[in-house]
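Let me begin by presenting the structure, written as structure tokens, before commenting on it.
The values are calculated or read from the model by the stated rules, or taken from the named source; none is laboratory data. Keep in mind the model is a prediction, meaning the values are calculated, not measured. A quick note on method: Cβ atoms are made from the backbone with ideal geometry, for glycine too, and the neighbour counts reach across all protein chains shown. Accessible surface areas use protein heavy atoms only, side chains included; no ligands, DNA or RNA. Shrake-Rupley method; radii C 1.70, N 1.55, O 1.52, S 1.80 Å.
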Amino acid sequence: MTGFSTTIAFGLVRRLAAVGLDTPSLYLLIAEAAAIPAIQADIAAEVQVQLGVGLRHLAATDVRLDCLENAFARDPDRPVTLITLDRWLPKLATALDRNVVLLTRSGAILLLADPRAAERLLTAAPNLRNRLSDVLAIRPDEAFGGTVA
Amino acid sequence: METVADSKPGAVVFDRRQLYRPFLERLNPTGSQSLLADGLVVAPDHDPRDIGRPPIHVAFANTAELTRGSQMALVGGIGSGKTTELLLTQKVLSRHPDAVNVYVDMADYADLSEISTGAILATAGIQLYRRLLKKARNKELPDAVKAAWVKLRALAFGKTDWVKQPPDPYEYEPDADEAYEVVRVHVPGVMKLRLPALRRQVVEILGQFLTIASSLESESQTTLLVDGLDRLIKPELFRQFAEQDLQALKGTKISVIIVAPLLFLYDKNRFLQDYFDVVKHIPAAAADPRTSAFLRQILERRGALHFMDRTEIAAIAKYSGGVLRDLLTLARSSAEYAYRDGEDRIGRRHVKAAVKQLGNRYLVGLGNDQKGLLRRLSEDGEFPMENSTARELLVNRQVLEYFRGGLDSLAVHPALARVLPRPV
């Protein structure tokens, strides 16, 4: 996968803090599949600590295509949404691409995917790619021993 | 800019977030409507393809005002500023007190992966009814209009009815004549309709829409501005909407300005040019970064000079390739990198990092065929437009079109060109 800047959850959430949660942000985060659970936990903790809000976490397989509006509706208590693309779902990619304005209306949306899914998403969804605030490679915060590398 | 947040009395702590946040908010490329209200949009002063002609929003507004019922299409690459042009058109049209402007982004009302023909008319009718309700304040709307609204809502969103069960077919005994199976036989006529007949459901929706519209003063100037359907990308899907919803509006005095997918422009059938009264094309690159001050003005209007020198502004303009959304993305990423580094100003290395990120985004997913086409364009200036892979590069903005000195020219997006690997 092409070399995007690498960050950890701390740096990512620091960027969200700079932008503020009133400004829509849409990030694609690329991580090795094995590291994804650790990164999800890192992001949830950083969002709580740095921003003082909750994280809404959805798996791609949980997103109902007929209710995209609900999936991306603003939740004042949890204005940061993390969507993990746990499987490659071409219909979801198309729906996100065509309805990308729903993703860029409120708060921060973080799409987390492994390199393969990220590459497919960037290729299959040109409107989405165009609206991304940034694409970042993300790795787990290795503050504690035993974290998946 | 400085906040008192330290425990020591009188100590002042610098909060860098407060420095960057307003700038980043102004760089949000998705909030055109509020940016317009805040005066942050720099309106183009001429047609992007002809400096002697008025800008697109003025041309559209003039046509809608002088020829009621005209239908206009706006095509352009992703992020080229089509929504901004529509909003500017709406603003110009509002100069007349009898103007009724209905702006709809179809994605606000419907899942674009699931919508069917009739949806534009239904959405416009819903918006128009909402407008009439607000205007009427406490007065009642005519019964016919209220009834049309109820029917329109049912047609748009469906309804649940109680119906009698038909008799069990196994208990039915047909007469001898009815026992014959009926098959459909079509005898072709000598003529083929240029446009297909309107579907029954579209006709029904049109009827309700026109009843609602009849509440407007007969001499009012109504313009429907439709955004979002360019995201369908495939021309044939868009064509169905034009042949049904827009065709249905022909003959009414309601003007339509609609955003269409860019691929249509290269369609051999020339449907776009044949169907619409006016077609305007915004090249992905709104301006040539080498010769135009337009891009720098946009950044300066949003406060860039407080954060970076003119050299950095010029570099961002250059590597945006003239694409407005990339211009804002680069400025925003550069600011985020400067913030990450704990610096108060955006430096050269922050811009460089942002350019590399943007270039990589365009590079992802490109195979050898695409890379070969890009290299040919860079080195020999050749680009086979008849090739579908080449056209995709254009639609996805990896290749940009410029209009210089009366001639069209193509170039690899400068941020992509910077990261495009050389052949081994």
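Residue under question is residue B:63, and the condition is that it be farther than 19 Å from residue B:131 by Cβ, in contact (Cβ under 8 Å) with a residue 60 or more places away in the chain and outside any loop (DSSP other than H, G, I, E, B); does it hold?
For residue B:63, the condition - farther than 19 Å from residue B:131 by Cβ, in contact (Cβ under 8 Å) with a residue 60 or more places away in the chain and outside any loop (DSSP other than H, G, I, E, B) - is met.
Checking residue A:42 against (1) within 14 Å of chain B (Cβ to nearest Cβ); (2) buried (at least 20 other Cβ atoms within 10 Å of the Cβ); (3) in contact with an Asp or Glu (Cβ under 8 Å, 6 or more places away or on another chain): exactly one of these is not met. Which one?
The one condition residue A:42 does not meet is (1).
Please verify whether the stretch B:201-221 includes one or more residues that are under 22 Å from residue B:62 (Cβ atoms) and not in a loop (DSSP other than H, G, I, E, B).
Yes: the stretch B:201-221 contains one or more residues that are under 22 Å from residue B:62 (Cβ atoms) and not in a loop (DSSP other than H, G, I, E, B).
For the stretch B:398-421, enumerate the residues that are out of contact with any helix residue (DSSP H, G or I) (no Cβ under 7 Å at 6 or more places or on another chain), closer than 16 Å to residue B:285 by Cα and not in a strand (DSSP E or B).
B:405, B:406
Identify, from the list A:61, A:6, A:23, the residue that is hydroxyl-bearing (Ser, Thr, Tyr) and at the interface with another protein chain (Cβ under 10 Å from one of its Cβ atoms).
Only one candidate passes the filter, namely A:23.
Taking the stretch A:58-104 as the region of interest, how many residues are farther than 19 Å from residue A:123 by Cβ, open to solvent by 40 Å² or more (accessible area, probe 1.4 Å) and of a type in the set (Phe, Trp, Tyr)?
0
Being surrounded by fewer than 18 Cβ atoms within 10 Å (Cβ to Cβ) and aromatic (Phe, Trp, Tyr) is the filter here; which residues of the stretch A:1-34 pass it?
A:10
Rundown of residues vs (1) under 16 Å from the mean Cα position of the chain (by Cα); (2) among the hydroxyl-bearing types (Ser, Thr, Tyr), yes/no style:
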{"position": "B:223", "(1), (2)": "no, yes"}
{"position": "B:275", "(1), (2)": "no, yes"}
{"position": "B:279", "(1), (2)": "yes, no"}
{"position": "B:290", "(1), (2)": "no, no"}
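Where residues in the stretch B:236-266 are in contact with a strand residue (DSSP E or B) (Cβ under 8 Å, 6 or more places away or on another chain) and open to solvent by 20 Å² or more (accessible area, probe 1.4 Å), which of them is farthest from residue B:65 (Cα to Cα)?
Once the filter is applied, the top-ranked residue is B:265.
Check A:74, A:14, A:64 and return the single one that is at pLDDT below 85 and under 24 Å from residue B:18 (Cβ atoms).
Result: A:74 is the single residue among A:74, A:14, A:64 that is at pLDDT below 85 and under 24 Å from residue B:18 (Cβ atoms).
Just name the residue that is surrounded by the most Cβ atoms within 10 Å (Cβ to Cβ) out of those in the stretch B:216-235 that are modelled with pLDDT under 90 and among the charged types (D, E, K, R).
In this case the residue turns out to be B:230.
Looking at residue B:68 and the list (1) open to solvent by less than 20 Å² (accessible area, probe 1.4 Å); (2) in contact with a Lys or Arg (Cβ under 6 Å, 6 or more places away or on another chain), which single condition is not satisfied?
(1)
Can you tell me how many residues in the stretch A:33-89 are more than 20 Å from residue A:19 (Cβ to Cβ) and among the acidic types (Asp, Glu)?
4
Within the stretch A:18-42, work out how many residues are closer than 12 Å to residue A:139 by Cβ and of a type outside the set (D, E, K, R). Steps first, please.
Kept after step one, since they are closer than 12 Å to residue A:139 by Cβ, are these residues of the stretch A:18-42: A:29-32, A:34-36, A:38-39, A:42.
Going one step further and asking which of them are of a type outside the set (D, E, K, R), we end up with A:29-31, A:34-36, A:38-39.
Within the stretch A:18-42, residues that are closer than 12 Å to residue A:139 by Cβ and of a type outside the set (D, E, K, R) number 8.
Name the residue, out of B:284, B:260, that is under 15 Å from the mean Cα position of the chain (by Cα) and more than 14 Å from every other protein chain (Cβ to nearest Cβ).
Of B:284, B:260, the one residue that is under 15 Å from the mean Cα position of the chain (by Cα) and more than 14 Å from every other protein chain (Cβ to nearest Cβ) is B:260.
Counting only residues that are within 14 Å of another protein chain (Cβ to nearest Cβ) and open to solvent by 70 Å² or more (accessible area, probe 1.4 Å), how many does the stretch B:391-424 have?
Residues of the stretch B:391-424 within 14 Å of another protein chain (Cβ to nearest Cβ): B:391-400, B:413, B:415-416, B:418-421.
Filter again for open to solvent by 70 Å² or more (accessible area, probe 1.4 Å), leaving B:392, B:418.
Going through the stretch B:391-424 one residue at a time, the tally reaches 2.
Within the stretch B:267-279, which residues are open to solvent by 50 Å² or more (accessible area, probe 1.4 Å) and assigned to a helix (DSSP H, G or I)?
Answer for the stretch B:267-279, where residues must be open to solvent by 50 Å² or more (accessible area, probe 1.4 Å) and assigned to a helix (DSSP H, G or I): B:273, B:274.
Have a look at B:154, B:144, B:119 and point out the one that is in contact (Cβ under 8 Å) with a residue 12 or more places away in the chain and closer than 19 Å to residue B:245 by Cα.
B:119
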